[in-house]
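The values are calculated or read from the model by the stated rules, or taken from the named source; none is laboratory data. Just so you know, these numbers come straight off a predicted model, no measurement behind them. We place every Cβ from the backbone using ideal geometry, glycine too, and count neighbours over all the protein chains shown.
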Amino acid sequence: MKSRQLLFAVGAALALGTRPAVAQLKVVTSTTDLYDIARSVGGNLITANHIGEGYQDPHFIEAKPSFVLQLRNADVWAFVGLDLEIGWMPLLLDGARNPKIKFGGPGYLDVSKAMPVLDVPQGNVDRSQGDVHPLGNPHYWLDPENGRRIARLFKAKFSELDRAHEADYDRNEKAFEARLNAAEKEWQPQLAVMRGKPVIAYHTSWRYFAEYTGVKIVAFMEPKPGVPPSPSHVFEVIKDAKAAGAKVVMQEPFYERKMSDLVAQQLGGTVLVEPASVGGVKGVDDYIALMKHDIDALAAALK
Ligand SMILES: [Zn+2]
């Protein structure tokens, strides 16, 4: 830009009371859920991108070269942790060669460090058996209390890296919590329907959701997280589900339905395909909408 044009642009920005865009923190997240909460807290003070899409299995994302370019310029790299991204994150971070977001850098944000983690294995874990949750269950965002923890973590990190806007991040974070609190009040009738009801889940991704809603997961379609159901395991699932009176099988859109359909048929029940992330199905465009969608759908199925 020529200097006269630059002066004009600065003058116009000042006249409009806008801040020059160059000061924005560049945030990249691994999932759409972290992305949405980061945007709620960062507002127009950040730019944000996410690597995975809500309709993809977050354990298995393809490491595309375009992601390396995003990470090369990032100020913050926020990820779920607990080895959820182990299959692709090291490759992208190595390629990005950005010291700000490498382990130990100011922008390296392992969100799991701020979470109470379920299903932490006792003793040694044998990864050769295919367990994709060797450090504990990484699907913590499906409990609104953890949604608040994520928001507070972003507030702390953005404030640390951009002191000048501490008050803005604080205000945005409080507004997010207020919206979430109000939404939770509206969910009470649905939560009352769900409490104590038995369900079957495909992956242990629904553990935090079950803790929050009070539904009781009596069997998982996968014998271990990440291991597809075998016929002998499915036989056990049907037995346990019958004993508990469960009739609904919950699963994400990206899992095979065949075995779940078989179980539901045996139980005279239904398969409920629910998104576990923002963008997992059309219309579920933000974190609160995701929680509402999943609660409404399961409550309706359990009525
Ligand atoms: Zn998982």
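Within the stretch 158-198, the set of residues being among the hydrophobic types (A, V, I, L, M, F, W, C), without any contact (Cβ under 8 Å) to a residue 40 or more places away in the chain and either in contact with a Lys or Arg (Cβ under 9 Å, 6 or more places away or on another chain) or closer than 27 Å to Asn137 by Cα (or both) comprises Ala192 only. Is it fair to say Ile101 is in contact with a Gly (Cβ under 9 Å, 6 or more places away or on another chain), within 23 Å of Glu53 (Cβ to Cβ) and away from the ligand (no atom under 16 Å from the Cβ)? Yes. Residues in the stretch 43-58 that are closer than 18 Å to Val111 by Cα and in contact with a Phe, Trp or Tyr (Cβ under 6 Å, 6 or more places away or on another chain): Ala48, His50, Ile51. Kindly establish whether Gly245 is more than 30 Å from Leu109 (Cα to Cα), more than 16 Å from the ligand (Cβ to nearest atom) and either assigned by TED's automatic domain parsing to the domain that holds Val76 or modelled with pLDDT of 95 or more (or both). Against the criterion (more than 30 Å from Leu109 (Cα to Cα), more than 16 Å from the ligand (Cβ to nearest atom) and either assigned by TED's automatic domain parsing to the domain that holds Val76 or modelled with pLDDT of 95 or more (or both)), Gly245 qualifies. Gln70 meets the conditions (1) farther than 22 Å from Pro99 by Cβ; (2) more than 16 Å from the ligand (Cβ to nearest atom); (3) of a type outside the set (A, V, I, L, M) in every case but one. The failed one is (1). For the stretch 35-57, the condition holds for no residue, the condition being that it is surrounded by fewer than 17 Cβ atoms within 10 Å (Cβ to Cβ), away from the ligand (no atom under 16 Å from the Cβ), closer than 25 Å to Asp131 by Cβ and more than 11 Å from the chain's Cα centre (by Cα). Residue count for the stretch 136-165 under the criterion of being in a helix (DSSP H, G or I), in contact with a Phe, Trp or Tyr (Cβ under 7 Å, 6 or more places away or on another chain) and within 16 Å of the ligand (Cβ to nearest atom): the result is 3.
Summed over the stretch 166-198, residues that are over 21 Å from Met221 (Cα atoms) and either within 16 Å of the ligand (Cβ to nearest atom) or buried (at least 21 other Cβ atoms within 10 Å of the Cβ) (or both) total 4.
Exactly one condition in (1) surrounded by fewer than 20 Cβ atoms within 10 Å (Cβ to Cβ); (2) modelled with pLDDT under 95 is false for Ile61; which is it? Single failed check for Ile61: (1).
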